[in-house]
Amino acid sequence: MRARNLKPGFFKNEVLASLQPATRLLFSGLWLLADRKGRLEDRPLRIKGELFPYDDWNIDVLLEDLNQNGFIKRYSASSEKYIQILNFEKHQTPHWQEKDSTIPSLGSIQDKPKRKPRTIQEKPSNYRADSLIPSSLNPDSLLTSLFEIFWKAYPKKKNKGQAEKVWEKIKPTKELTDSMLKKIEQLKKTNDWIKDGGQYIPFPATWLNAKGWEDEINSEISPTDPQDLRMWEIEQLRKKENEKHI
């Protein structure tokens with residue numbers, strides 16, 4: 001991250017003030033991630049891991065709020081997604097030794113002549129089929145949603161930012177996420193994961209890196225009924241006592 005300036009006008013901007021506090025905080029956080037031209041990669045999971053590893057915020061939604069209200073511009077170049085912070089150079093004075101931007105500028109994309117597609121019939125101006133596509137079909141939005149489902153199910157809430165980075169690298173599908181959730185529910189009932197207060201449960205990032213959902217369960221699964229659980233615990237104590245005398 002880089003050091004940037006925060007001016008009093010930030011708090012008096014009426015449009016910015018109409019947005020939720022999380023969106024406002026994200027806007028100032030983007031300055032720290034942007035290069036000297038105010039550009040950065042449009043990667044919501046990575047941005048969240050850098051700025052808000054301890055908060056359950058949907059960064060993709062917050063970025064779109066900033067985009068719709070004219071504070072940033074989300075754009076694509078060479079199949080990659082980027083963000084341009086608007087008026088960045090007007091308010092920021094990067095250090096003279098800071099490296100120049102390597103991200104294509106928004107202007108260079110807009111200046112390129114657009115090739116008209118060869119179609120027999122143009123879409124009517126009021127054609128709205130594209131607007132009917134649900135946001136869940138957006139790959140980044142879906143990936144973020146699946147991660148939040150995994151995070152809610154995983155019993156050890158530690159190092160969320162690291163877990164998100166591994167999740168982004170793996171890019172699990174909905175089917176794979178379902179497999180993970182099923183294995184997690186099974187592991188929650190095993191002796192390894194419930195004994196001694198769950199201290200043997202691995203960190204989420206470690207479990208994901210090791211593909212824990214593919215491991216076989218070798219330890220015993222404890223019953224869930226309270227009466228059966230008590231009998232099971234007594235049986236475990238008997239086994240330990242017998243092992244001592246062998």
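Is it the case that Glu233 is farther than 25 Å from Lys160 by Cα, modelled with pLDDT under 80, surrounded by 11 or more Cβ atoms within 10 Å (Cβ to Cβ) and not assigned by TED's automatic domain parsing to the domain that holds Pro53? Walk me through how you get there before you give the answer.
On the way: farther than 25 Å from Lys160 by Cα: yes; modelled with pLDDT under 80: yes; surrounded by 11 or more Cβ atoms within 10 Å (Cβ to Cβ): yes; not assigned by TED's automatic domain parsing to the domain that holds Pro53: yes.
Here the answer is yes, as Glu233 does meet what is asked.
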Cβ-Cβ under 6 Å pairs, at least 6 apart or on other chains, segment 150-162 side among the polar types (S, T, N, Q), far side part of a helix (DSSP H, G or I) and buried (at least 16 other Cβ atoms within 10 Å of the Cβ): Asn159/Ala205; Gln162/Ala205
Enumeration of residues in segment 83-97 that are touching a helix residue (DSSP H, G or I) at 6+ places or on another chain (Cβ under 8 Å) and modelled with pLDDT of 90 or more: Ile83, Gln84, Ile85, Phe88
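The values are calculated or read from the model by the stated rules, or taken from the named source; none is laboratory data. What you see is a predicted model, and the numbers here were worked out from it, not measured in a lab. Ideal geometry is used to build each Cβ from the backbone, glycine not excepted, and the neighbour counts take in all protein chains shown.
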